[in-house]
Amino acid sequence: MTSKYITLITNEDEQIKSIGTPFGRSSSTCGYCSPPGERSGAYSSYHVAGLNTTKLTCEVYQKMIDRGWRRSGIWCYKPDLRISCCPQYTVKLDASVYKPSKSQRKIINRWSRYVLKGKEGEMMETGTNQKNPEPKGKEQVFDLVKAIHAAEESFHKEEHPAHRFETSLEPASFTEEKYQLYVRYQRDIHNDLQNTPRGFERFLVTSPLRFEEIPYPSVPPGHLPRKYGSYHQLYRLDGNLIAVAVLDILPCCVSSVYFMYDKAWEEFSLGKLSAMREVSLAREIHEAGISDMRYLYMGFYIESCQKMRYKGEYAPSYLLDPEAYDWHPLESCRPLLQQNRYACFSNPSHSIQADAPKEFIDRKPPRLVDRAILENIRILAQAPSPDLCKYLIPVYRTRLWKHENVREEYEACVEGLGKEVAQKLVFNL
Ligand SMILES: [Zn+2]
């Protein structure tokens with residue numbers, strides 16, 4: 001079994017760095033707008049393609065999210081913005097120039113006061129602040145990185161802080177303590193009682209991302225991660241786990257996957273605080289010499305979803321164009337988003353209004369996956385016994401390719417990934 005199209009695999013880990021099983025179109029009940037318990041076609045989220053993957057390089061995943069993909073555990077999917085009821089636009093914040101607003105600065109300062117001075121100190125200071133508003137010009141001197149770390153045990157010099165606050169970054173892993181926090185968060189914040197350790201693990205622990213060295217030019221500060229990959233950032237107050245952020249640290253960004261917290265600390269806006277901590281993390285890695293590290297990806301922005309609007313309060317943010325895959329300032333996108341059910345920023349005439357005729361919505365751009373690209377779309381195949389060697393074969397040279405449904409899945413996935421990424425991956429049967 002040899003030919004110029006076939007590569008023998010002798011060292012799978014070395015030769016195959018990213019691998020996945022492709023999926024074509026799929027749909028599910030929209031989690032953003034569907035009334036609880038309601039399942040109907042009116043609230044549908046569609047995906048143009050999916051990829052079930054056990055292994056991805058951080059570089060490949062960075063390129064995927066820059067084409068509108070996102071992961072949930074090892075399942076990666078690309079939403080179809082043209083027909084989903086709540087189109088999901090990838091949003092990123094420029095961490096290098098972000099300045100917290102006045103209310104965001106208050107959230108940081110309030111937490112630090114509480115940790116260092118306790119409840120009474122925090123109340124007293126808040127009262128004083130109302131009488132003496134921040135002097136003008138203070139915005140320029142507000143140092144985000146310094147302010148974010150001000151409450152942390154390993155950063156401040158307070159001899160008798162009221163509370164001990166620590167954060168730590170560790171590779172994503174399952175612990176009973178994290179799971180119990182997740183169960184409380186789901187129950188108290190989302191009114192969801194149906195959780196299992198296995199569900200938590202699948203959703204927030206497993207990741208296809210390979211840990212890879214971050215190429216710092218010199219030894220970075222001790223609290224910064226040394227590798228790209230999937231992490232849990234733990235927030236501990238007086239030793240108790242009060243929040244966990246699930247983060248992917250990628251070559252160009254910190255990507256925020258999820259955040260959960262104990263409802264007892266709700267008044268401190270830990271979700272907003274965590275976003276600023278993550279901006280600060282991206283900025284610190286950048287300042288440690290990784291010039292590409294510049295953004296915080298906050299997942300998807302959905303204009304129609306009130307709960308997501310807060311993402312717009314972090315500026316300057318950009319939305320990913322669903323056709324040209326370039327970035328547009330969020331503020332300039334909002335009029336188009338408000339006027340249309342689907343908005344294309346690079347070519348506004350491609351936008352679709354809410355009352356557009358069905359034929360227009362259903363009209364898909366033509367599929368153009370040409371032979372030259374397919375030559376490099378390879379699958380991993382195993383020879384029959386007794387050989388059992390593994391080979392890479394261009395998918396269209398296999399018998400599989402004769403089946404139209406298989407072809408459709410591959411073409412949808414390759415188109416969703418784009419030819420550059422699709423050629424870096426190996427597909428599984
Ligand atoms: Zn919806």
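Data table
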| read-out | value |
| --- | --- |
| Student exercise, the chain dipole from Lys, Arg, Asp, Glu Cβ charges, in Debye to nearest 20 | 580 |
| Under Karplus coefficients 6.51, -1.76 and 1.60, residue-wise ³J(HN,Hα) of the stretch 73-85 in Hz, glycine/proline x | x, 9, 8, 10, 8, 10, x, 8, 6, 5, 10, 5, 5 |
| Cut-off 14 Å between beta-carbons: net charge of the residues surrounding D192, Lys and Arg +1, Asp and Glu -1 | +2 |
| Prolate/oblate/rounded label for the stretch 102-293 (Cα gyration tensor, a/c 1.5) | oblate |
| Over the stretch 102-293, relative contact order from alpha-carbon pairs under 8 Å, at least 6 apart, % | 22 |
| Mean Cα-pair separation over length for the chain, i.e. relative contact order, pairs under 8 Å, 6 or more apart, % | 22 |
| Among P335, A356, V219 the positive-end extreme of the charge dipole of the chain (Cβ point charges) | A356 |
| Shape category assigned to the stretch 144-258 from the gyration tensor of Cα positions, a/c cut at 1.5 | oblate |
| Candidates R371, R202, R294, ranked by Gaussian network fluctuation over the chain, Cα under 10 Å, top entry | R371 |
| Cut-off under 5 Å, modelled amide H: who pairs with I242 long-range | Y235, R236, L237 |
| Between 0 and 90°, nearest 10: helix 176-190 axis offset from the chain longest Cα axis | 80 |
| Vicinal HN-Hα couplings computed from phi for the stretch 10-18 (Karplus, 6.51 cos²θ - 1.76 cosθ + 1.60; Hz; Gly/Pro x) | 10, 9, 4, 5, 7, 7, 10, 9, 9 |
| Normalised contact order of the stretch 214-314, rounded percent, pairs of Cα under 8 Å and 6 or more residues apart | 25 |
| Heavy atoms of W75 accessible to a 1.4 Å probe, total area in Å² rounded to 10 | 70 |
| Residues with amide H under 5 Å from that of S44, placed H, sequence gap 5 or more | C30, C85 |
| For the stretch 390-407, 3J(HN,Hα) per residue [Karplus equation, 6.51 cos²θ - 1.76 cosθ + 1.60, θ = phi - 60°, Hz, x = Gly/Pro] | 9, 9, 9, 9, x, 4, 7, 9, 9, 5, 3, 4, 6, 8, 4, 5, 5, 4 |
| Amide hydrogen neighbours beyond the local backbone of S34, cut-off 5 Å, H modeled | none |
| Dimensionless Rg over Rh [the chain; C-alpha; Kirkwood] | 1.00 |
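The values are calculated or read from the model by the stated rules, or taken from the named source; none is laboratory data. From a predicted model like this one, the values you see are computed outputs, not experimental measurements. For neighbour counting, all protein chains shown are included, and Cβ atoms are generated from backbone atoms with ideal geometry for every residue, glycine included. Ligands, DNA and RNA are excluded from the accessible area calculation, which covers all protein heavy atoms including side chains. Shrake-Rupley method; radii C 1.70, N 1.55, O 1.52, S 1.80 Å.
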